[in-house]
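Take a look at the structure below.
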Amino acid sequence: MKNLILAIESSCDDSSIAIINKDNFECVFYEKISQDLNHNAYGGVVPELAARLHSEALPNILSKTKPFFDKLCAIAVTNEPGLSVSLLSGVSMAKTLALSLNLPLLAINHLKGHIYSLFLKEKIRTELGILLVSGGHTMVLFIDKNKNIKILANTMDDSFGESFDKAAKMLNLGYPGGVAIQNLALKAKEKNIKFPIPLKHSKELNYSFSGLKNAFRVKILENEILDESLKAELAFGFEEAACLHILDKLEKLFAIHKFKHFGVVGGASANLKLRTLLARLCEKYEASLSLAPLNFCADNALMIARASVDAYENKEFVSIKKDILSPRNENFTRL
Ligand code: KG4
Ligand code: ZN
């Protein structure tokens with residue numbers, strides 16, 4: 001029986017392929033090759049390097065999936081949003097596979113993929129509030145009962161994850177910065193450095209991390225010697241202010257929208273302080289909280305594969321002869 005979908009994710013700096021059984025959501029193959037170490041020295045993702053690394057990693061992973069080829073019923077690929085040169089690596093491979101194996105092609109929005117990371121083994125839940133925090137996005141969403149996606153809040157400048165990356169770069173912690181800042185903050189013995197929580201006294205429901213980033217830079221410049229204990233204290237103060245900013249606006253949104261079910265997704269949803277604060281908020285508002293498994297918060301092809309099962313059922317096939325690639329977030333109105 002042909003009931004497997006092969007999905008490719010290469011929107012940024014992770015090369016990943018997953019194969020899912022569309023009838024029971026079972027993952028029969030999964031591999032991801034991260035480029036973190038390659039970009040570490042640059043303090044951020046270098047697009048040209050990312051593309052070249054995808055061109056090596058993706059065929060390496062794909063070569064292991066050949067035993068499943070005769071059971072495939074479709075090929076899926078992340079086509080938006082992301083770095084164009086990175087997206088192109090996956091899209092070209094997916095089109096070639098679809099053509100040579102004579103299979104339909106599914107184009108999956110990366111952010112929808114992150115939402116599906118909450119439902120890797122189950123049907124999706126609607127009427128759900130979502131906090132999406134990744135390297136490029138910080139949004140609060142609502143998925144209504146017809147699967148329409150409503151954006152309730154967005155960032156006006158940097159994203160939550162990106163602000164961690166920039167703070168880490170200022171402390172020479174390398175890339176990616178989120179986990180580096182989190183781990184350093186855990187070592188803080190002194191916790192006296194406080195950063196202002198952005199837009200704390202404003203009615204604004206959107207996010208802004210640029211002021212916090214600047215306050216962090218100024219605080220670093222104030223200190224001539226940055227020893228390990230001071231760095232840890234700075235990291236603690238930064239993480240706390242960033243997480244409290246997320247919570248402050250979210251609390252206002254909870255008061256308005258009265259979410260009964262809430263979920264958090266995206267690479268930065270692995271942040272443990274954020275998870276703890278969200279659990280408290282949901283308890284206060286008597287909402288259930290869904291978290292993606294820690295190892296599937298960051299970019300991965302399994303979330304794309306899971307999203308592709310619903311796209312397959314809805315027959316959302318795309319032509320291999322059309323340009324399906326978009327660096328922007330164009331197809332994000334309905335799950
Ligand atoms: O979703 P993702 O893997 O890639 C994008 O789609 O952008 O998210 C990556 C982002 C990076 O900015 C990374 O620093 C951040 O997620 N991140 C974290 C943590 N782990 C990853 N940010 C804060 N705390 C973490 N523990
Ligand atoms: Zn992502």
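The values are calculated or read from the model by the stated rules, or taken from the named source; none is laboratory data. Please read all numbers here as calculations on a predicted model, not as lab measurements. Note: ideal-geometry Cβ built from the backbone for every residue, glycine included; neighbour counts use all protein chains shown. SASA here: full protein model, heavy atoms, side chains in, ligands and nucleic acids out. Shrake-Rupley method; radii C 1.70, N 1.55, O 1.52, S 1.80 Å.
Points worth noting:
- Carbon plus sulfur fraction of accessible area for region 219-335, probe 1.4 Å, in percent: 53 percent
- Alpha-carbon centroid distance for the pair region 288-304 / region 20-77, whole angstrom: 16 Å
- Subset of Lys219/Lys252; Lys66/Lys112; Lys121/Lys315; Lys2/Lys95; Lys22/Lys258; Lys147/Lys321 violating a 24 Å alpha-carbon distance limit: Lys219/Lys252; Lys66/Lys112; Lys22/Lys258; Lys147/Lys321
- Equivalent ellipsoid semi-axes - Cα gyration tensor, region 70-206, angstrom: 35, 22, 14
- Low-density loop cleavage sites - trypsin sites (Lys or Arg not before Pro) in region 51-138, where at most 13 other Cβ are within 10 Å (DSSP): Lys121, Lys123, Arg125
- Charge dipole (region 152-277, unit charges on Cβ, about Cα centre) - positive-most of Gly161, Leu205, Gly178: Leu205
- Region 133-157 versus region 235-264: alpha-carbon centroid distance in Å: 13 Å
- Nearest-20 debye value, region 197-245 charge dipole, Cβ charges on Lys, Arg, Asp, Glu: 340 debye
- Ligands, DNA and RNA are left out, and with a 1.4 angstrom probe the accessible area of region 1-151 is 41 Å² per residue.
- Basic side chains Lys and Arg get +1 at the Cβ, acidic Asp and Glu get -1 at the Cβ, and with that the dipole of the chain about its Cα centre reaches some 800 debye.
- Among the trypsin sites (Lys or Arg not before Pro) found in region 236-335, those both in a DSSP coil and sparsely packed, with 13 or fewer other Cβ atoms within 10 Å of their Cβ, are Lys258, Lys260, Lys315, Lys321, Lys322, Arg328.
- Solvent-accessible area per residue in region 217-323 equals 48 Å², computed with a 1.4 angstrom probe and all protein chains kept.
- Carbon and sulfur %, accessible surface of region 72-218 computed with the full protein complex present, 1.4 Å: 53 percent
- Packing rank of 236-245, 149-158, where each peptide gets the mean count of other beta carbons within 10 Å, highest leading: 236-245, 149-158
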